[in-house]
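The values are calculated or read from the model by the stated rules, or taken from the named source; none is laboratory data. All values derive from a computational prediction rather than experimental measurement. Backbone-built Cβ (ideal geometry, glycine too); neighbour counts: all protein chains shown. Please note that ligands, DNA and RNA were not included when accessible areas were found on the heavy atoms of the full protein model with its side chains. Shrake-Rupley method; radii C 1.70, N 1.55, O 1.52, S 1.80 Å.
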Protein chains: 2
Amino acid sequence: MAAVAVATRWWLLLMLSAAELGVAPAPQPPNILLLLMDDMGWGDLGVYGEPSRETPNLDRMAAEGMLFPNFYTANPLCSPSRAALLTGRLPIRSGFYTTNGHARNAYTPQEIVGGIPDSELLLPALLKGAGYASKIVGKWHLGHRPQFHPLKHGFDEWFGSPNCHFGPYDNKARPNIPMYRDQEMVGRFYEEFPINLKTGEANLTQIYLQEALEFIQRQQAAHRPFFLYWAVDATHAPVYASKPFLGTSQRGRYGDAIRELDDSIGRILRLLRDLGIAENTFVFFTSDNGGSNGPFLCGKQTTFEGGMREPAIAWWPGHIPAGQVSHQLGSIMDLFTTSLSLAGLEPPRDRAIDGLDLLPAMLQGRLTDRPIFYYRGNTLMAVTLGQYKAHFWTWTNSWEEFKQGIDFCPGQNVSGVTTHSQEEHTKLPLIFHLGRDPGERFPLSIASIEYLDALRRITPVVQQHQEALVPGQPQLNVCNRAVMNWAPPGCEKLGKCLTPPESVPEKCSWPH
Amino acid sequence: MAAVAVATRWWLLLMLSAAELGVAPAPQPPNILLLLMDDMGWGDLGVYGEPSRETPNLDRMAAEGMLFPNFYTANPLCSPSRAALLTGRLPIRSGFYTTNGHARNAYTPQEIVGGIPDSELLLPALLKGAGYASKIVGKWHLGHRPQFHPLKHGFDEWFGSPNCHFGPYDNKARPNIPMYRDQEMVGRFYEEFPINLKTGEANLTQIYLQEALEFIQRQQAAHRPFFLYWAVDATHAPVYASKPFLGTSQRGRYGDAIRELDDSIGRILRLLRDLGIAENTFVFFTSDNGGSNGPFLCGKQTTFEGGMREPAIAWWPGHIPAGQVSHQLGSIMDLFTTSLSLAGLEPPRDRAIDGLDLLPAMLQGRLTDRPIFYYRGNTLMAVTLGQYKAHFWTWTNSWEEFKQGIDFCPGQNVSGVTTHSQEEHTKLPLIFHLGRDPGERFPLSIASIEYLDALRRITPVVQQHQEALVPGQPQLNVCNRAVMNWAPPGCEKLGKCLTPPESVPEKCSWPH
């Protein structure tokens, strides 16, 4: 085990405070609660300027905590981002990428053969070393075959699904996605867990909320530190909300889903306060990839800001000062390292870790200079360092797809930037100043001193990164209809086992 | 005089409170302070999601007051918007438009012959009826010929300029713009009031700040209710800031200007608190037309949301509840009617007034259904009613201009919407749902029930508006180099009178 429990300043502080009060030391590290949204964008929260301002609970969470306007996911797509969160490593290291084409996004549909390798150390497994009980509620997305399940990778409990809630499927060409409780399926989407595709009604967020509340209460009663990963998916297509929220938003069904998630988060934070554990629970809110993009360019699937800059709020009353904004460049991978730090653990030393400990930024307002890398597959598309972002490759999607109406930048078109062919700029990257030009509309002139200065700073950082990089075995290359969720563990008890088709491994098709 | 002083509920309330306290009644109406920015956009404030979040004072003003996410100016250009603010009337009524071309924006450059007609009743003139002392600090822009000056239209004091701070000029083809104190010029931009075009350094915001602070203190000492119209222009090209602010923003010089304005507003609000008059001073912050547009389409000069939706904050401690958001569709013209209401006055009854009294929205959270009209020249381009916006004409600018690099929608291009030819949709307007689609990217299908319902609601509102409309005499048709600021009043004392060229009236050219 590469992670070692060490006494951090938090433990010391806690013990000192306890000593001052003349009571027994309470060396329990803080609970960790990660709220991960699905396809929700930077521009979806009132506090980030969404005009309808329908996220009062998240806006309050920001007012009581710290807002990160410059926080990034690790990939413009779901599965790799989620692997990055739980491993603290870029998807290119953990294997959550494809080499089937140049610069292609890939994820874990039902046909995928790969998943999270056993060699990867996941956050819940490491947190066990500090006595944490851990649970994932919602979407896993790191592989659905049994060896990849959350409980094989450190989680104590799971309630949720291994893949996206696409469907309904016919159980012949494809089965509906299973819902698991721990090791076994307890039903399937559109069957035991209905989603009305016409009205958008589904009770899933309420179920996920209850799972969270129950887990928190149970761990609190047991006096065990907990790690809860609340990976809800109501804002991912097909978007859903429960009846009390349907039709309540100014923004349509997508807004209904957000309002229900916002309300649920309000209830979770209220429970923490009511149980008296708010000051001992670190909460972080963010999302897995671009959605509504606010002032930024393009969205999900792209390495423009709209695809990877995410809403992010840290909340830890009594520790993180209220109402602060941090301009630290943050990454979803930092949640790995920060969580370990909170637990008094050090990150594994036998591998490259990309996550940064954000506690200095959160608690002392200290900023750390660090790059943000934007990958598509195994291609480094762009990097941000300070205020400067350099694009080495530009691509939205192919002309062929675009002409079919698939548009990752609706209403946006920056000539020479939002290109529909893969354009190489590795020699002379397109460089933007994200402070003056957050929308990536006006590349710096390559003849300017500013351009040369920025390039001079960026080049060695990229070189160092690329020279040291050891890519993992790509997990997202091979697909096989036989591996779909035909007969998940537990299907016998439910009488819901389906017969898989013949095994035919093939290269997955990743068009963009 | 069409406005009549009437005892409003404010007076009654104030008198009742005073009576309860056993002190003499204090029937003084609240002071009114309008903070009007120049070319600042919806997306420029932290509270509206600007990523650098460099407006702590405005963000605090919003936290202590009421934010309006759906607030509009009356025109996508400066002069007509400012005329609308002070008259409570659409520019088409007050004459602040041109008929020189179809759907053309027009303003008041130095060559303009027209200005605010004597027949218009301006807010400061009306407020005199309730005993207000009034001052304009900054840009007037309602005509620079002597008969149009602020002191001829109800202001008691003026410090500022009649036109934009363009320049420097050579005093042969065109003179530099004068700065006035009251009736007389006290110097000119780039001469007595320097702006360094290379570094962006100018002390003007500091001068405007001191003018505001001094006026407030003086009126407070005199126990006179005041109306202060703080019409600063640092964010209008050429953008400027004073030395302590230059280079301090993440956003470049434009951000430096915003930081200085934000800091100044913080100082003004602090003075109100320090003088103990915050609870008796109504403050409203907004801007004259589009700038940085956040999630919206296009900017200044256009009738898309980016051109006319503005940041707006109301602040009146002890009266407007703190931390509220109002989804009232608001207009810059409402500041006219609301100010009269605050003063216990009624709007003129002998003419159409487009402004709404916002006090019910601000004090009781009551929403009023009302349309927002978007004009370009005398052409009704669009209307918003509730969540629906219907475009009757679309146009950004001509292909000819666009090919020369003039782009009012940089990086944005919505096919069939951001058109470079004037496209008529009067029979079947393009309709957008601004809640689901604030960026005006996805027109409703004309075959949908939603489209038909929206059209059915919008059509009679537009018909009624157009049938009742009496356009004013257009003021922005005729230009003449002889009327430029060659010899403003007071130039003799300064030895700064220039000789005008021969008078040659001609049609002004309005290309977009």
task = Determine whether region B:247-254 contains at least one residue that is open to solvent by less than 60 Å² (accessible area, probe 1.4 Å) and more than 17 Å from B:Ser292 (Cα to Cα).
result = yes
request  = Name the single residue, out of those in region A:26-42 being of a type outside the set (A, V, I, L, M, F, W, C) and more than 14 Å from chain B (Cβ to nearest Cβ), that is farthest from A:Tyr208 (Cα to Cα).
outcome  = A:Pro27
key: Residue check for A:Val47: closer than 19 Å to A:Trp510 by Cα, of a type in the set (A, V, I, L, M, F, W, C) and in contact with a strand residue (DSSP E or B) (Cβ under 7 Å, 6 or more places away or on another chain)   = no
query = Can you tell me which residues in region B:380-422 are away from every other protein chain (no Cβ under 14 Å) and not hydrophobic (A, V, I, L, M, F, W, C)?
reply = B:His391, B:Asn397, B:Ser398, B:Glu400, B:Glu401, B:Gln404, B:Ser421, B:Gln422
message = Please go through region B:43-53 and give me each residue that is touching a residue at least 12 places away in the same chain (Cβ under 8 Å) and either within 8 Å of another protein chain (Cβ to nearest Cβ) or surrounded by fewer than 24 Cβ atoms within 10 Å (Cβ to Cβ) (or both), ordered by number.
response = B:Gly43, B:Gly46, B:Val47, B:Tyr48, B:Gly49, B:Glu50, B:Ser52
task = Scan region B:139-152 residue by residue and report those that are in contact with a Leu (Cβ under 8 Å, 6 or more places away or on another chain) and either open to solvent by 10 Å² or more (accessible area, probe 1.4 Å) or closer than 21 Å to B:Gln206 by Cβ (or both).
result = B:Phe148
note = Counted residues in region B:217-232 being hydrophobic (A, V, I, L, M, F, W, C) and either more than 21 Å from the chain's Cα centre (by Cα) or open to solvent by 10 Å² or more (accessible area, probe 1.4 Å) (or both) come to 2
ask   = Can we say A:Glu64 is within 14 Å of another protein chain (Cβ to nearest Cβ), over 18 Å from the mean Cα position of the chain (by Cα), open to solvent by less than 20 Å² (accessible area, probe 1.4 Å) and among the charged types (D, E, K, R)?
value = no
request  = Exactly one condition in (1) farther than 22 Å from B:Pro311 by Cβ; (2) among the polar types (S, T, N, Q); (3) open to solvent by 10 Å² or more (accessible area, probe 1.4 Å) is not met by B:Asn70; state its number.
outcome  = (1)
task = For region A:162-173, indicate whether the set of residues that are in a helix (DSSP H, G or I) and in contact (Cβ under 8 Å) with a residue 24 or more places away in the chain is non-empty.
result = no
ask   = Just a yes or no: is a residue in region A:396-416 within 23 Å of A:Gly294 (Cα to Cα) and of a type in the set (Phe, Trp, Tyr)?
value = yes
query = What number of residues within region B:460-512 satisfy the criterion of being assigned to a helix (DSSP H, G or I) and more than 25 Å from B:Phe193 (Cα to Cα)?
reply = 9
ask   = Residues of region A:122-138 being over 17 Å from the mean Cα position of the chain (by Cα), part of a loop (DSSP other than H, G, I, E, B) and buried (at least 19 other Cβ atoms within 10 Å of the Cβ), which ones?
value = A:Tyr132
ask   = Would region A:351-363 turn up any residue that is surrounded by fewer than 18 Cβ atoms within 10 Å (Cβ to Cβ) and on the phi > 0 side of the Ramachandran plot?
value = no
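Okay, residues lined up against (1) among the β-branched types (Val, Ile, Thr); (2) within 14 Å of another protein chain (Cβ to nearest Cβ):
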{"position": "B:Arg253", "(1), (2)": "no, yes"}
{"position": "B:Leu269", "(1), (2)": "no, no"}
{"position": "B:Leu275", "(1), (2)": "no, no"}
{"position": "B:Phe304", "(1), (2)": "no, yes"}
{"position": "B:Ile320", "(1), (2)": "yes, no"}
{"position": "B:His327", "(1), (2)": "no, yes"}
{"position": "B:Leu335", "(1), (2)": "no, no"}
{"position": "B:Pro347", "(1), (2)": "no, no"}
remark   = Of those in region A:87-113 that are in contact with a Leu (Cβ under 6 Å, 6 or more places away or on another chain) and not hydroxyl-bearing (Ser, Thr, Tyr), the residue farthest from A:Cys508 (Cα to Cα) is A:Asn105
request  = Quick one: count up the residues across region B:404-422 that are open to solvent by 30 Å² or more (accessible area, probe 1.4 Å), small (Gly, Ala, Ser) and touching a strand residue (DSSP E or B) at 6+ places or on another chain (Cβ under 8 Å).
outcome  = 1
inquiry  = B:Ala106 - would you say it is in contact with a strand residue (DSSP E or B) (Cβ under 6 Å, 6 or more places away or on another chain), among the small types (Gly, Ala, Ser), away from chain A (no Cβ under 14 Å) and part of a loop (DSSP other than H, G, I, E, B)?
reply    = no
query = Which residues, taken from region A:431-453, are of a type in the set (A, V, I, L, M, F, W, C), open to solvent by less than 70 Å² (accessible area, probe 1.4 Å) and away from chain B (no Cβ under 14 Å)?
reply = A:Ile431
task = Evaluate the following for B:Leu85: is it under 25 Å from B:Glu260 (Cα atoms) and buried (at least 24 other Cβ atoms within 10 Å of the Cβ)?
result = yes
request  = Could you run through region B:382-403 and say how many residues are open to solvent by 10 Å² or more (accessible area, probe 1.4 Å) and in a strand (DSSP E or B)?
outcome  = 3
Some residue of region A:192-214 being without any contact (Cβ under 8 Å) to a residue 60 or more places away in the chain, of a type in the set (Val, Ile, Thr), over 22 Å from A:Ser287 (Cβ atoms) and open to solvent by 30 Å² or more (accessible area, probe 1.4 Å) = yes
query = Going by the structure shown, is A:Val283 in contact with a Phe, Trp or Tyr (Cβ under 8 Å, 6 or more places away or on another chain), away from every other protein chain (no Cβ under 14 Å) and either over 28 Å from A:Val417 (Cα atoms) or modelled with pLDDT of 95 or more (or both)?
reply = yes
